[in-house]
Amino acid sequence: MDLLFIADPLESFKISKDSTLAMMRVAQAAGHQLWFCQSRNVLWGDGLVKADCQALAIKPSDSAWFELGDIESRPLNTFNVVLMRTDPPFDIEYLNTTWLLSAAARQGAKVLNNPTAIRDHSEKISIAEFPELIPPTLITRELSAIKAFHCEHQDIVIKPLDGMGGMGVFRVGSDGLNLASIVETLGENGVRTLMVQRFLPEIIQGDKRVLLIGGEVVPFALARIPQGSEIRGNLAAGGKGVAMPLTEAEMKIAVRLAPVLNERGLFLVGLDLIGAYLTEINVTSPTCFVEITEQSGFDVSQFWLTALEKELT
């Protein structure tokens, strides 16, 4: 099969733990042909959505780990599957790419995750569909509403809707110190919408990434555990990643959401769970394949490929 990966520049990959690279390796080993382009290389012309793409071969060397062929212009509907693996932020150019990919899907291209489903599932706001699974949460631009929420819950976390890797996450304790300043800064004086949640002390046990692939649940999570005085478990913020089996409560949430999200075209999803609460539904470029595989022995990449081949037959 021909697999087109739309991803960030290959030179930017962290080869020791990149999930997209792990997918590429296992697909190549299974005999599939890899193709690569960046989102900027996707275009519409002559009535078709195309990509200026290159054949890709993964090499065993760490220093020169890939080889690219000549640039070819191919309609997206000539690939067996197009895999959208561009990292956030979800900005206007990311949105433009999803619109082009939706046009490609109408022309018969198989795109995973489905671009319409990506647009319909804000990675933070989408949890509002499942209020019984989430901690007390507020989504607003208004400082007065956030002050009232803080008055009720005392210990809260504030974060931007378009952040990633723990960027812009602040905790405000019962003293309310700097609450107004944080909200004004993050929200740009009411221009940007913020998410506010009750602080969950279970974070000391980790912000757990649970992977859903093809409607099935990977039975191990990566607990991203904050270090020192940090409240953020994100690996990009210095958290320690520890793979562990899903608890009964975590599995219950994952099993409930997996078929629902897969039915919508969200083939690969990363749930974020703190304690028994759902805090985010990641649909753009979920990661943690390598860390879970290396620590648990459960081959996430092979699990993904098996599900992908089933999806395409």
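Observations on the structure shown:
- Test: residue in region 122-130 that is more than 30 Å from ARG171 (Cα to Cα) and hydrophobic (A, V, I, L, M, F, W, C): no
- With respect to the stated conditions, THR247 is modelled with pLDDT of 95 or more, more than 28 Å from GLU309 (Cβ to Cβ) and either among the hydrophobic types (A, V, I, L, M, F, W, C) or more than 15 Å from the chain's Cα centre (by Cα) (or both).
- Applying the condition of being more than 20 Å from GLU123 (Cα to Cα) and in contact with a Ser or Thr (Cβ under 8 Å, 6 or more places away or on another chain) to region 143-161 and asking which residue is surrounded by the most Cβ atoms within 10 Å (Cβ to Cβ) yields ILE146.
- The C-beta contact set for region 114-138 (first residue closer than 17 Å to THR98 by Cβ, second residue assigned to a helix (DSSP H, G or I) and small (Gly, Ala, Ser), distance under 6 angstrom, 6+ apart or interchain) comprises PRO115/SER102; THR116/SER102.
- Candidates GLU280, GLU248, GLU291, filtered to the one that is farther than 22 Å from ALA22 by Cα and either touching a residue at least 12 places away in the same chain (Cβ under 8 Å) or in the same structural domain as ALA27 (by TED's automatic domain parsing) (or both): GLU280
- Of all residue pairs spaced 6 or more apart or on separate chains, those with beta-carbon atoms under 9 Å, a first member in region 209-221 that is in contact (Cβ under 8 Å) with a residue 24 or more places away in the chain and a second member that is aromatic (Phe, Trp, Tyr) and in a strand (DSSP E or B) are VAL210/PHE220; LEU211/PHE220.
- Scanning region 106-121 for residues that are buried (at least 19 other Cβ atoms within 10 Å of the Cβ) and either among the hydroxyl-bearing types (Ser, Thr, Tyr) or part of a helix (DSSP H, G or I) (or both) turns up PRO115, ALA117, ILE118.
- The residue of region 26-39 that is surrounded by the fewest Cβ atoms within 10 Å (Cβ to Cβ), among those that are of a type outside the set (A, V, I, L, M, F, W, C) and more than 20 Å from the chain's Cα centre (by Cα), is GLY31.
- Residue in region 33-44 that is more than 22 Å from PRO115 (Cα to Cα) and free of Cβ contacts under 8 Å to residues at least 40 places away in the same chain present: yes
- Which listed residue is surrounded by 22 or more Cβ atoms within 10 Å (Cβ to Cβ) and in contact with a Leu (Cβ under 8 Å, 6 or more places away or on another chain), from LEU273, LEU211: LEU211
- Among the residues of region 139-149, those that are in contact with a helix residue (DSSP H, G or I) (Cβ under 8 Å, 6 or more places away or on another chain), assigned to a helix (DSSP H, G or I) and either within 16 Å of THR279 (Cα to Cα) or touching a residue at least 40 places away in the same chain (Cβ under 8 Å) (or both) comprise LEU143, ILE146.
- Residues (surrounded by 13 or more Cβ atoms within 10 Å (Cβ to Cβ) and not in a strand (DSSP E or B)) located in region 162-179: ASP162, GLY163, MET164, GLY165, GLY166, MET167, GLY168, VAL169, GLY176, LEU179
The values are calculated or read from the model by the stated rules, or taken from the named source; none is laboratory data. It should be emphasised that the depicted structure is a prediction, and the values quoted were computed from it without experimental measurement. Cβ: placed from backbone, ideal geometry, glycine included. Neighbour counts: every protein chain shown.
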